[in-house]
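S.K.: The structure that follows is given in the form of structure tokens.
Taken together, the values in this text are just the output of simple stated rules run on the coordinates, not laboratory data. The shown structure was predicted, so the numbers you read here are calculated from the model rather than taken from an experiment. Methodologically, a virtual Cβ is constructed for each residue, glycine included, from the backbone with ideal geometry; neighbour enumeration extends over all protein chains shown.
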Amino acid sequence: MEFVRKLPLPKEIREQYPLSAEYVKKKIEFDREVAKIFSGESSKKLLVIGPCSADNEDSVMDYVTRLARVSEKVSDKIVVIPRVYTNKPRTTGDGYKGMLHQPDPNKDSDMLAGIIAIRHLHKRVIEQTGMFTADEMLYPENYQYLYDLLSYVAIGARSVENQQHRLVSSGIEIPVGMKNPTGGDISVMLNSIMAAQHPHTFLYRGWEVKSSGNPYAHAILRGYVNKHGESLPNYHYEDIEHLCKEYDKRALVNPALIVDCNHANSGKKYKEQVRIAKEVLHSCALNPEIAGIFKGFMIESYIEEGNQKIGEGIYGKSITDACLGWDDTERFIYYMAERL
């Protein structure tokens, strides 16, 4: 390995690009509202929605500005958190790894510029739209660059069995969603939730640290891939009913589920996300136990539907996984509000 340069400490970056005092206070209030969804104190549902990857600041801001207007109209039923995913897992290690690595997808990696760019984007979303954001914790050691800005964190299917992700999640004060692994064994996901809900002492960024446990660690069902490489769903009635039973077997607090409507659940057929969400809502109507643990959806959505290759230059269109377009997104949000 070549050690290129030593990067600034997270504290230094946070001090250089601070969140305004007004939004520090608002974030505390918003985080309390989200926590009440997972504790069962609120009947509202969560919608984590936005581009597969936040690849372009201008189009992300355009998207979230639209989302903010819709969110206000459904705020009595739905708490909306925009996906501002700035680092992307790559199955083979190749491909666009997100704004953290490449602030400009057409240029080479620049990690320092990337750290500054992702903080700037999350901060801009908050201060210009009033919406608080979600990101994936791909690298646990980088979480400190954004921890004061995020209101929701996801642990991906390829990271959920990793010990460091689990331990760092136990020290996070906001809800952390644990996805089932790509192989589909939900016991791996549930073990991760258990680890995150417990206190730990561990090594983090050169420090011995202690965590108190995260009571809002919860499950995300995202489908899985079988031994033949075929995508299979796990959002059906029987899948969620089974998750309820597995939750009951474990001493976990605040049993909760977010359904990821894309990825292996849709077989990456992005248009299927709406149908999947409708089926889950129907399952909730049939079974109070399912309705009790269901807390919301994760949807991949952007301005233009589908996806494109890097360099095509279509504004507001994903350069990673295909997404719902804006018109379908807006219709779905209103439909979801009507059904809740």
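S.K.: What whole-number distance in Å separates the alpha-carbon centres of segment 278-340 and segment 24-93?
M.R.: Cα centroid to Cα centroid, the span is 12 Å.
S.K.: Relative contact order, percent, of the chain when contacts are C-alpha pairs under 8 Å separated by at least 6 residues? Could the numbers behind the result be given before it?
M.R.: On the way: 659 pairs, mean separation 55.0, N = 340.
About 16 percent, as a whole number.
S.K.: Restricting to Cα atoms and excluding each atom paired with itself, what does the Kirkwood estimate give for the chain in Å?
M.R.: Taking the inverse mean of 1/r over all distinct Cα pairs, the chain comes out at 20.1 Å.
S.K.: Let me ask something else about it. If I model a spin label as a point 7 Å beyond the Cα along the Cα-Cβ vector, how far apart are those points for Ala285 and Arg250 in nm?
M.R.: 3.1 nm
S.K.: Using the per-residue mean of other Cβ atoms lying within 10 Å as a proxy for protection, in what order, highest first, do the peptides 198-210, 286-298, 129-141, 228-240 fall?
M.R.: Taking the mean over residues of other Cβ atoms within 10 Å, the ranking is 129-141, 286-298, 228-240, 198-210.
S.K.: How high is the FRET efficiency from Ser43 to Glu2, r the C-beta distance, R0 41 Å, rounded to 0.05? Display every interim value, and only then the final one.
M.R.: Working: r = 54 Å, r/R0 = 1.31.
So, using R0 = 41 Å, E works out to roughly 0.15.
S.K.: While we're looking at this one, here's another question. What GluC sites (Glu not before Pro) does segment 35-123 have in DSSP loop regions with at most 14 other beta carbons within 10 Å?
M.R.: Details: sites: Glu41, Glu57, Glu72; in loops: Glu41.
Answer in residue order: Glu41.
S.K.: Right, here's the next one. Just list whichever of Lys6/Lys123; Lys6/Lys88; Lys26/Lys73; Lys123/Lys210; Lys73/Lys249 have alpha carbons separated by over 31 Å in the model shown.
M.R.: Working: Lys6/Lys123 24 Å; Lys6/Lys88 22 Å; Lys26/Lys73 19 Å; Lys123/Lys210 28 Å; Lys73/Lys249 39 Å.
Over 31 Å apart, Cα to Cα: Lys73/Lys249.
S.K.: Ok, one more. Which pairs in the list Lys11/Lys97; Lys107/Lys309; Lys11/Lys295 are over 22 Å apart, alpha-carbon to alpha-carbon? Don't jump to the answer; show the numbers that get you there.
M.R.: Values: Lys11/Lys97 24 Å; Lys107/Lys309 14 Å; Lys11/Lys295 33 Å.
Pairs exceeding the cut-off: Lys11/Lys97; Lys11/Lys295.
S.K.: At a Förster distance of 41 Å, what's the computed FRET efficiency of Ser75 paired with Tyr17, Cβ-Cβ distance as r, to 0.05? Don't skip to the answer; put the middle values down first.
M.R.: Values: r = 28 Å, r/R0 = 0.69.
Efficiency for this residue pair is about 0.90.
S.K.: Along the Cα-to-Cβ line of His236, 7 Å from the Cα, sits a label point; which residues in segment 181-198 have backbone N less than 20 Å from it?
M.R.: Counting only backbone N, you get 181-187.
S.K.: Here's another thing I want to ask about it. Measure off 7 Å from each Cα along the Cα-to-Cβ vector at Asp108 and Lys25, then give the distance between these two points in nanometres to one decimal.
M.R.: Between Asp108 and Lys25, the simple spin-label model gives 4.7 nm.
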